[in-house]
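Notes follow the structure.
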Amino acid sequence: MCLFGFHFGMHFKEEGKLKSKIAIALCLISVVGTWGIGIAGNLDTRGGDEGGVFSTVSGISEQEAVAGFPARVEKTGQTTSYGSRDDGRLRKGVAWPVPRFADNGNGTVTDRLTGLIWLKNANCGKFFAEDATGQNYRCWNDALKAANKLKDGYCGLTDSSVAGNWRLPNSKELYSLIDLGLTHPALSDAAGTGHWSEGDAFSDVQSFYYWTSTTVADNSVYAWVVNFFGGFVNGDDKPSTDCVWPVRGGQ
């Protein structure tokens, strides 16, 4: 079992900078709105769950028609509603493919939503020949080393990978696995329609903290971790021992 500690912090922007950014944002919204009307044709203001301004031609938002949104946000997985127009009711975001996760049969699992390739074994204890820890959890620097040195022949891999192919995921990559409709762990099954169970598609997933490669910006002694029990993110000091779940691919 992984050892973990709770570290919470509040991060604030300087008031002056915040006001400037708000002013700039409002200006840009005004410009985009004017431009959008010029290129999208007639607009309507349909209500319902969507709200906002939409193109009568494509049914997408005016801002979406202008910007294109090449990196859209996926659904959270929450389907139970707890309040008016909340996430469980609206279920906004890119729909998950079915199946969501594909077991490649070589110790790796592909997330068909993001294209990232994950180590199937989420609790590997020996990542490379000289790895003598005998356990998955370790400090942040050792977690980086373990992921960077992982290769074919370790952790159940038969994928012909070499050291340097694998890495520790950044905070957004690791959090993309989270299903906020579930807990203990907050992870879906391979189909993406139910709760994870052993081997479907991952093995030995821990309901604890997993390291990311992302350092906390205002205090570099800390790195971001993802808690797979409840599906939240917070910072942990780098000497702490948390779990390691390597990934491949990404842009």
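Just to check I understand the Karplus step: with θ = phi - 60° and J = 6.51 cos²θ - 1.76 cosθ + 1.60, what whole-Hz values come out for the stretch 241-250, glycine and proline as x?
Once rounded to whole Hz, the list reads 10, 10, 7, 10, 9, x, 9, 10, x, x.
Could you tell me whether the stretch 149-221 comes out rounded, prolate or oblate from its Cα gyration tensor? Rule is a ≥ b ≥ c as square roots of the eigenvalues, rounded for a/c under 1.5, then prolate if a/b exceeds b/c, otherwise oblate.
On the way: a/c = 2.37, a/b = 1.07, b/c = 2.21.
Note, shape of the stretch 149-221 comes out oblate.
Cut-off is 10 Å between beta-carbons; in what order do Glu74, Glu173 appear when sorted fewest neighbours first? Can you show the working numbers first?
Working: Glu74 14, Glu173 21.
Least crowded to most crowded, the residues run Glu74, Glu173.
Among rounded, prolate and oblate, which fits the stretch 102-181 when a ≥ b ≥ c are the square roots of the eigenvalues of its C-alpha gyration tensor, a/c under 1.5 means rounded, and a/b larger than b/c means prolate?
On the way: a/c = 1.86, a/b = 1.30, b/c = 1.44.
It comes out oblate by the Cα gyration axes.
Measure up Lys92/Lys172; Lys75/Lys149; Lys120/Lys145; Lys92/Lys120; Lys145/Lys172 against 25 Å on the Cα-Cα distance and list the ones that go over. Write out the running numbers ahead of the final one.
Values: Lys92/Lys172 18 Å; Lys75/Lys149 33 Å; Lys120/Lys145 19 Å; Lys92/Lys120 29 Å; Lys145/Lys172 20 Å.
From Lys92/Lys172; Lys75/Lys149; Lys120/Lys145; Lys92/Lys120; Lys145/Lys172, over 25 Å: Lys75/Lys149; Lys92/Lys120.
What shape does the stretch 97-251 take by its C-alpha gyration tensor, where a ≥ b ≥ c are the square roots of the eigenvalues and a/c under 1.5 counts as rounded, a/b above b/c as prolate, and the rest as oblate? Let's see the in-between values first.
Working: a/c = 1.61, a/b = 1.10, b/c = 1.46.
In terms of gyration-tensor shape, oblate.
Quick one: what are the phi-derived ³J(HN,Hα) couplings along the stretch 213-224, Karplus 6.51/-1.76/1.60 with θ = phi - 60°, whole Hz, x for glycine and proline?
Result, rounded to whole Hz: 8, 8, 7, 5, 4, 8, 7, 6, 6, 10, 10, 6.
Determine, for Phe128, Phe208, the number of other Cβ atoms within 10 Å of each Cβ, and report the residues in order from fewest to most.
Details: Phe128 16, Phe208 20.
Listed from fewest to most nearby Cβ atoms, that is Phe128, Phe208.
No value in this document is a laboratory result; all are computed from the given coordinates. Predicted model only: the values in this text are computed from it and were never measured. When we count neighbours, we look across all protein chains shown, and the Cβ atoms used for this are built from the backbone with ideal geometry, even at glycine.
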